[in-house]
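Below is one structure, written out as structure tokens; comments come after it.
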Amino acid sequence: TQDKVYGIMNSEPTSTYAWWLSDPTAGTIDNSIAPNDSVIEIDWGLTPGTYTLFSVETSLDGCIGDTVQLDIIVHPLPTALVVSDSVCENFSATLTFDLTGQAPWTIDYTDGTNNFTAVANATPFTISTPPYTTSQTITVTGVTDGYSCAADPAGLPSTLVHIYPRPTTGAIYHY
């Protein structure tokens, strides 16, 4: 996740602050958003784990304070898979979502014309489509989990809702 903000409570405007992570590969610290570096942003990487953020204050007089720290958990990004059953014209199909991450999930999806949002409290999660008259491609456009982590848009799936046409029954006739 990008631009997660961290700061020093009751920071002294005349002090400066140095920041570092327990694992420098965990993310990138942007300390240019506050004149004295009392507020930073971190662009976290994609490696899940528990990391420690450290900071130390240096006063205007050059005195160095105690190092303070905060443990931060980086959760894996949620993922989604979706499959559909096939139905006859004017019937609702069932979409089944298999999700990873922490419940509840907010799922945004589209049929190309209409946009939908659903909230899932468990996985797998099923929902019915509107009754379509022709086959539709359902595309997941976003998934956010209970940690407010958003799925990588490049990994979001689509599924085809195959609609079988109704037969055209001819009239009854007598020989």
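The values are calculated or read from the model by the stated rules, or taken from the named source; none is laboratory data. Small disclaimer: the values here were computed from a predicted structure and weren't measured. For neighbour counting, all protein chains shown are included, and Cβ atoms are generated from backbone atoms with ideal geometry for every residue, glycine included. Ligands, DNA and RNA are excluded from the accessible area calculation, which covers all protein heavy atoms including side chains. Shrake-Rupley method; radii C 1.70, N 1.55, O 1.52, S 1.80 Å.
Within the stretch 1-26, residues that are more than 22 Å from ASP145 (Cα to Cα) and touching a residue at least 60 places away in the same chain (Cβ under 8 Å) reach partners that are assigned to a strand (DSSP E or B) and among the charged types (D, E, K, R) with beta carbons closer than 9 Å, at six or more positions or on different chains, in the pairs ILE8/GLU57. The strands (runs of 3 or more DSSP E) located wholly in the stretch 7-89 that include 3 or more residues which are of a type in the set (Ser, Thr, Tyr) and surrounded by 14 or more Cβ atoms within 10 Å (Cβ to Cβ) occupy 49-58.
Against the test of being over 17 Å from the mean Cα position of the chain (by Cα) and under 19 Å from VAL143 (Cα atoms), the options THR50, THR94 yield a single qualifying residue, THR94. Yes or no: TYR147 on the phi < 0 side of the Ramachandran plot, touching a residue at least 40 places away in the same chain (Cβ under 8 Å) and either in a strand (DSSP E or B) or open to solvent by 80 Å² or more (accessible area, probe 1.4 Å) (or both)? Considered against the rule, which asks whether it is on the phi < 0 side of the Ramachandran plot, touching a residue at least 40 places away in the same chain (Cβ under 8 Å) and either in a strand (DSSP E or B) or open to solvent by 80 Å² or more (accessible area, probe 1.4 Å) (or both), TYR147 comes out as yes.
In the stretch 161-172, the condition of being in a loop (DSSP other than H, G, I, E, B) and under 29 Å from TYR6 (Cβ atoms) is met by no residue. Scan the stretch 104-125 and tell me whether some residue there is surrounded by 13 or more Cβ atoms within 10 Å (Cβ to Cβ), of a type outside the set (Gly, Ala, Ser) and free of Cβ contacts under 8 Å to residues at least 12 places away in the same chain. Looking through the stretch 104-125, at least one residue is surrounded by 13 or more Cβ atoms within 10 Å (Cβ to Cβ), of a type outside the set (Gly, Ala, Ser) and free of Cβ contacts under 8 Å to residues at least 12 places away in the same chain.
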